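Undergrad: Mind looking over this structure? Questions follow.
The values are calculated or read from the model by the stated rules, or taken from the named source; none is laboratory data. The structure presented is a predicted model; accordingly, all values stated were derived computationally and were not measured. With ideal geometry, Cβ positions are generated from the backbone for all residues, glycine too; neighbour counts draw on all protein chains shown.
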Number of protein chains: 2
Amino acid sequence: MNSALFTDLYEVTMAQAYMAQRMSGTAVFETFFRKLPHGRSYVMAAGLSDVLGFLERFQFLPSDIEYLRGLRLFSEEFLHSLAEVRFTGDVWAVPEGTVVFPNEPIVQVIAPILEAQLVETFVVNQIHLQSVSASKAARVVEAARGRKVVDFGARRAHGTDAALKVARSGYLAGLAGTSNLLAARMFGIPVFGTMAHSFVQAFDNELDAFDAFAQLYPGTTLLVDTYDTLRGVDLVIELLTKTPGLEVAAVRLDSGDLGALAKATRAKLDVAGFNHVAIFASSGLDEYRIAALVDDDCPIDAFAVGTKFVVAEDAPALDMAYKLVEYGGTGRTKLSSGKVIYPGRKQVVRRVDQGIFTGDTIGRADEQLDGEPLLVPVMKNGRRLAHCDLDLPTSRNWARQQVDRLPAQLRSLEDSGRTYPVDVSPGVARDLERLRQSPT
Amino acid sequence: MNSALFTDLYEVTMAQAYMAQRMSGTAVFETFFRKLPHGRSYVMAAGLSDVLGFLERFQFLPSDIEYLRGLRLFSEEFLHSLAEVRFTGDVWAVPEGTVVFPNEPIVQVIAPILEAQLVETFVVNQIHLQSVSASKAARVVEAARGRKVVDFGARRAHGTDAALKVARSGYLAGLAGTSNLLAARMFGIPVFGTMAHSFVQAFDNELDAFDAFAQLYPGTTLLVDTYDTLRGVDLVIELLTKTPGLEVAAVRLDSGDLGALAKATRAKLDVAGFNHVAIFASSGLDEYRIAALVDDDCPIDAFAVGTKFVVAEDAPALDMAYKLVEYGGTGRTKLSSGKVIYPGRKQVVRRVDQGIFTGDTIGRADEQLDGEPLLVPVMKNGRRLAHCDLDLPTSRNWARQQVDRLPAQLRSLEDSGRTYPVDVSPGVARDLERLRQSPT
C-alpha cells in the first residue's frame with residue numbers, strides 16, 4: 001500500500017510537464033485544513049510517521065513504469081527519469097498529537113517541484129485520515145473522564161488501512177488499546193478482547209459457555225446480553241458462587257439501555273459480594289453517549305467504541321489540502337472563491353499563559369514572532385531526522401499534554417461558540433495583498 | 001493487508017476455547033445489516049471479491065504465531081494447530097452489485113466454527129466499506145442522469161485501502177473511472193485526470209501554464225479557477241484562438257457558484273466558437289448538489305466527486321453484522337434488545353413484476369418460496385467457484401440493471417417514505433418463536 005503509484009494521474013502528467021518545461025526549482029507545499037467541521041473545536045494532527053516512511057521509500061517500480069507506459073501519455077525519456085525519482089527534499093511538521101487550527105500548516109514539504117507534486121495524494125490521505133481519527137478519539141477520551149476506552153471498531157473502519165491507522169491514532173489520542181491484533185503488533189499497542197455472542201450461541205446453554213471461557217481465561221470478561229442481560233448477570237453470579245477460585249474480571253453489556261442495565265448489574269453483583277467484578281459497556285458508543293453515561297454516574301468502568309468512532313461519524317472528513325505556497329523562492333497563492341491560499345513558507349507560533357494556550361500566529365518562516373514555533377524539521381534530504389522519530393508512547397504523552405493545555409471551552413464536547421484565536425502575521429498579510437494585486 | 005492477523009483478539013481466544021471444548025461442528029454465519037441509514041432506501045452489496053481472495057489465502061504466518069505466543073494466552077498445542085488452519089468452508093453470497101435490504105444475508109459462511117469465527121473481522125470490514133461506498137456511488141450516478149462522474153477522492157478516503165476499494169465500488173456502481181493510478185491498475189478501471197492549481201501557480205502566468213499543458217496533452221482539461229474563473233476561461237479562449245490545431249477537450253471549474261459559472265463559461269466558449277469544449281465541475285459535490293445542478297439545466301458535461309463521496313459523508317456506516325445462525329445443524333439466535341437474529345441458514349427470494357422488483361422474502365434455505373433466489377454458491381471447500389468469478393465490467397452491468405429494476409420511489413434521492421417490502425417466511429418466523437420459548 002506504500003506504492004508510489006498510490007497517486008492521482010494528474011500528479012504524473014504534471015510531473016512530465018514540469019520536466020518538459022525544465023521546471024526543477026524548489027517548491028514548498030503545505031498541508032492544512034481550512035475549516036473546522038461542526039462539532040470540532042480543534043484538530044489533533046496525526047499521520048506523520050506514515051508520511052515519512054512513505055517518502056523515505058518513494059520509488060516507482062518497474063511494474064509501475066510499465067503500467068504508466070501503457071497509458072500512452074508519457075515519453076520514454078520521462079519514464080526513464082521517473083524510475084530514478086526518489087524523494088530528496090526536506091520536511092517540517094508539527095509533532096503527532098499537536099492540536100492545530102484552520103490554515104495552520106501541519107506538514108510542509110520542501111523539495112524539487114516534481115517530487116513534491118508526486119507525493120501529494122499519499123501525504124494528504126494519511127494526514128487526513130489519522131487527524132480525523134485522532135481528533136475523534138481525543139473527544140472520546142475526554143468524555144470518559146479517566147475511565148478506560150478501547151477501540152473495537154476494526155470491522156467497520158473504512159478498509160484495512162483505516163482499521164490499523166485508527167487503532168494507532170486512537171491510542172495516540174489516549175485510548176487504552178485496540179481489539180485488532182495486526183494493529184497491536186504493528187504499533188506495539190495493548191490488545192483487548194472479550195467474547196462474542198456467537199460463542200455463547202454455539203453452546204447449548206449460556207452457563208456452559210461462560211464456564212468454558214472463564215476456565216480457559218482467568219480474569220476474562222463475559223458477555224452477558226445474548227438472551228437477557230440481567231439473567232446473564234445472574235448466571236455469572238451462579239458460576240462464580242459455585243466455582244471457588246474462578247476469576248472473572250468484568251461483565252460486558254452490549255445492547256439495551258446501558259445506563260439502567262449497568263446500575264441493575266452493579267446492584268446484583270454487589271449484593272452477591274462480587275464488588276470486584278467490573279462493568280464494561282459497548283454498543284453504539286461515541287463521546288456524546290459516553291459523556292451522558294458518565295454524567296449520570298452509571299457504574300461503568302470501561303467502554304469500547306466501534307462504528308461511530310472508527311468512521312468518525314459526526315465529522316468523517318476535513319477539507320485537508322496540500323497547496324503550493326512557494327516556487328523558486330517566490331510566494332505563490334490561489335484566489336479561488338472561498339479557497340484562498342496564504343503565500344510563502346510559513347511557521348506557526350503559539351502563545352502560552354500559565355500553561356494554557358492563548359493564541360497562535362501564522363507567520364512567514366523568516367519572521368520574528370512572539371511564541372513557541374510549532375513546526376520542526378523532521379526530514380532532511382529525504383532522510384528522517386533521528387531526534388524527531390518519537391515512539392508512540394512519547395507522542396501519546398505529548399498529545400495528552402496538548403489537550404490539557406487547551407482553554408476549557410475548547411475541550412467541551414458541545415460547541416461553546418468560542419473559537420481559538422489564530423491570526424495571520426503582518427508579513428503574510430502583506431505578501432498575500434501583493435499577490436492579490438498582480439496574481440500572475 | 002490480507003494478513004490472517006487482521007482480526008480481533010477475541011476471535012482467536014474463542015477459537016482456542018472451541019478447540020478446548022472439541023467444538024468442531026459446522027457453523028453458518030451470515031453477514032447482513034439491520035437498518036438502512038437515513039438517506040438510503042437500498043444498499044448495493046459489494047466487497048465479495050476481496051472476501052473470497054482473503055479466504056483462499058487465509059493462513060497465519062510464523063511471525064503471526066510468534067506474536068500470538070507473546071500474548072501468553074495460547075497453549076503451544078493451539079498455536080501449532082492454528083498455524084495449520086486454512087479456510088475449508090463454503091460461501092454463498094449475493095453477486096456484487098445486487099441491491100439488498102435490512103436483514104437479508106449478503107454473505108453466508110458455512111465452515112467449521114473455528115474457521116468461520118476467525119475470518120469475521122475481515123469479512124465484515126470489506127463488505128461494510130464496499131457496500132457503503134457502492135451505495136453512495138449508485139446515488140451519485142442516478143443524480144447525474146447520464147452525465148459522466150469520476151472519482152477524484154483518493155486523498156480524502158479513509159486510508160489507502162479505502163481509496164482503492166472506493167474507486168472499485170464506485171466503478172461497480174456506475175462511475176466512469178478514477179483518478180487513482182494504483183486503483184486503476186489493480187482493478188482495470190479507466191483513469192482520469194486534469195491538472196492541479198499548483199501547476200498553474202508554479203508558472204509566472206496562467207496562460208503559459210495552459211499552453212504548456214495543452215501542448216503536451218492534446219485533448220486535455222484545463223483548470224480555470226486558480227485566480228478568477230471567467231478570466232481563466234478567457235485565457236483558454238485566447239490560447240485556442242491564437243494556436244490553431246491546439247486541442248482542449250474541457251475546462252474544469254473547482255470553486256464558487258458552479259451553476260452560475262458553468263452558464264457564464266458556456267456562453268463565453270460558445271460565443272468564441274468553442275462549442276466542442278466541454279465543462280467539467282468539481283468541488284464539494286455529492287448526489288444532492290449534482291442533482292441540483294442537473295435540475296437547473298446547468299451546462300456541465302461531467303462531474304468529479306471527492307470528499308463527500310469517498311467518506312460517504314451522509315451515511316459513512318452501516319450496522320453490518322456477521323452472526324451465527326446455525327451450529328451443528330441447529331438454528332441459533334440472539335435476543336439482545338433491538339438486535340434479534342433470525343435463526344437458521346437462509347435464502348432470500350425476490351419477486352419481479354414487469355421487470356420491477358416488488359418484494360423479497362427471507363426464508364429458510366430449504367423452504368420452497370415464490371421468487372428468484374438471491375444467494376448463490378460462490379466458494380466450495382475453500383475454493384472459489386469459477387462461474388461466479390465475475391469480471392468487474394460484468395458486475396457493473398449487473399449493478400446497473402439492479403438499480404434500473406428498483407421501484408421509482410426507491411431511486412429517488414429524497415426519502416420517499418416508502419420502504420421496499422421484505423418479509424420473513426413462516427418457516428423462519430416459526431424457528432425464531434421456538435427459540436424464543438427456550439433460548440438455551
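Undergrad: Six or more apart or on different chains, Cβ atoms under 9 Å: show the pairs whose first residue is in segment A:17-43 and more than 11 Å from chain B (Cβ to nearest Cβ) and on the phi > 0 side of the Ramachandran plot and whose second is of a type in the set (Asp, Glu) and surrounded by fewer than 17 Cβ atoms within 10 Å (Cβ to Cβ).
TA: A:GLY39/A:ASP314; A:GLY39/A:GLU414; A:GLY39/A:ASP415
Undergrad: Please go through segment A:126-171 and give me each residue that is in contact with a strand residue (DSSP E or B) (Cβ under 6 Å, 6 or more places away or on another chain) and polar (S, T, N, Q), ordered by number.
TA: Across segment A:126-171, the qualifying residues are A:SER131, A:SER135.
Undergrad: Which residues, counting only those in segment A:371-415, are in contact with a Pro (Cβ under 7 Å, 6 or more places away or on another chain) and without any contact (Cβ under 8 Å) to a residue 60 or more places away in the chain?
TA: If the condition is that a residue be in contact with a Pro (Cβ under 7 Å, 6 or more places away or on another chain) and without any contact (Cβ under 8 Å) to a residue 60 or more places away in the chain, then A:LEU385 is the only one that fits.
Undergrad: Here's a follow-up. Considering only residues of segment A:179-225 that are more than 7 Å from chain B (Cβ to nearest Cβ) and part of a loop (DSSP other than H, G, I, E, B), which is farthest from A:SER255 (Cα to Cα)?
TA: Applying the filter and picking the extreme gives A:GLY188.
Undergrad: Go through segment A:54-171 and tell me which strands (runs of 3 or more DSSP E), entirely inside it, have 1 or more residues that are in the same structural domain as A:LEU413 (by TED's automatic domain parsing). Talk me through it step by step, then tell me what you get.
TA: Details: elements: A:90-93, A:107-112, A:148-151.
Ranges flagged: A:90-93, A:107-112.
Undergrad: Please state which one of B:THR243, B:THR265, B:THR333, B:THR307 is within 13 Å of chain A (Cβ to nearest Cβ) and at pLDDT 95 or above.
TA: Working: B:THR243 fails: within 13 Å of chain A (Cβ to nearest Cβ); B:THR265 fails: within 13 Å of chain A (Cβ to nearest Cβ); B:THR333 fails: at pLDDT 95 or above.
None of the other options fit; the residue is B:THR307.
Undergrad: A further question on this structure: For the subset of segment A:390-440 comprising residues that are assigned to a loop (DSSP other than H, G, I, E, B), within 14 Å of chain B (Cβ to nearest Cβ) and surrounded by 16 or more Cβ atoms within 10 Å (Cβ to Cβ), which member is modelled with the lowest pLDDT? Let's see the steps before the verdict.
TA: Initial filter on segment A:390-440 (assigned to a loop (DSSP other than H, G, I, E, B)): A:390-391, A:405-407, A:412-421, A:425, A:438-440.
Then drop every residue that is not within 14 Å of chain B (Cβ to nearest Cβ), which leaves A:438-440.
Remaining after also requiring surrounded by 16 or more Cβ atoms within 10 Å (Cβ to Cβ): A:439-440.
Details: A:PRO439: 60, A:THR440: 56.
Per the criteria, the residue is A:THR440.
Undergrad: Hey, another quick one. Kindly indicate whether B:ALA137 is of a type in the set (A, V, I, L, M), buried (at least 24 other Cβ atoms within 10 Å of the Cβ) and under 18 Å from B:GLY39 (Cβ atoms).
TA: yes
Undergrad: If we keep just the residues of segment B:320-330 that are more than 12 Å from A:GLN201 (Cα to Cα) and more than 7 Å from every other protein chain (Cβ to nearest Cβ), which is surrounded by the most Cβ atoms within 10 Å (Cβ to Cβ)? Steps first, answer last, please.
TA: Here is the first cut: in segment B:320-330, the residues more than 12 Å from A:GLN201 (Cα to Cα) are B:320-322, B:329.
If we keep only those that are more than 7 Å from every other protein chain (Cβ to nearest Cβ) too, we end up with B:321-322, B:329.
Numbers: B:ALA321: 21, B:TYR322: 25, B:GLY329: 9.
Out of the qualifying residues, it is B:TYR322.
Undergrad: Among residues belonging to segment B:172-213 that are under 18 Å from B:VAL141 (Cβ atoms) and aromatic (Phe, Trp, Tyr), point out the one that is farthest from the chain's Cα centre (by Cα).
TA: The qualifying residue farthest from the chain's Cα centre (by Cα) is B:PHE192.
Undergrad: What pairs come out if I take residues in segment B:46-74 that are more than 10 Å from every other protein chain (Cβ to nearest Cβ) and pair them with residues that are modelled with pLDDT under 95 and in a helix (DSSP H, G or I) whose C-beta lies under 7 Å away, six or more apart or interchain?
TA: none
Undergrad: Right, here's the next one. So is A:GLY219 out of contact with any Ser or Thr (no Cβ under 9 Å at 6 or more places or on another chain), in contact (Cβ under 8 Å) with a residue 60 or more places away in the chain, surrounded by fewer than 23 Cβ atoms within 10 Å (Cβ to Cβ) and more than 24 Å from A:LEU293 (Cα to Cα) or not? First the steps, then the outcome.
TA: Values: out of contact with any Ser or Thr (no Cβ under 9 Å at 6 or more places or on another chain): yes; in contact (Cβ under 8 Å) with a residue 60 or more places away in the chain: no; surrounded by fewer than 23 Cβ atoms within 10 Å (Cβ to Cβ): yes; more than 24 Å from A:LEU293 (Cα to Cα): yes.
Against the criterion (out of contact with any Ser or Thr (no Cβ under 9 Å at 6 or more places or on another chain), in contact (Cβ under 8 Å) with a residue 60 or more places away in the chain, surrounded by fewer than 23 Cβ atoms within 10 Å (Cβ to Cβ) and more than 24 Å from A:LEU293 (Cα to Cα)), A:GLY219 does not qualify.
Undergrad: Just one of (1) assigned to a strand (DSSP E or B); (2) in contact with a Leu (Cβ under 6 Å, 6 or more places away or on another chain) trips up A:PRO343, so point out which.
TA: Result: A:PRO343 passes all but (1).
Undergrad: Given the criterion out of contact with any helix residue (DSSP H, G or I) (no Cβ under 7 Å at 6 or more places or on another chain) and either surrounded by fewer than 22 Cβ atoms within 10 Å (Cβ to Cβ) or among the small types (Gly, Ala, Ser) (or both), identify the matching residue among B:ALA202, B:ALA249. It would help to see each step written out before you state the result.
TA: Details: B:ALA202 fails: out of contact with any helix residue (DSSP H, G or I) (no Cβ under 7 Å at 6 or more places or on another chain).
Residue meeting the stated conditions: B:ALA249.
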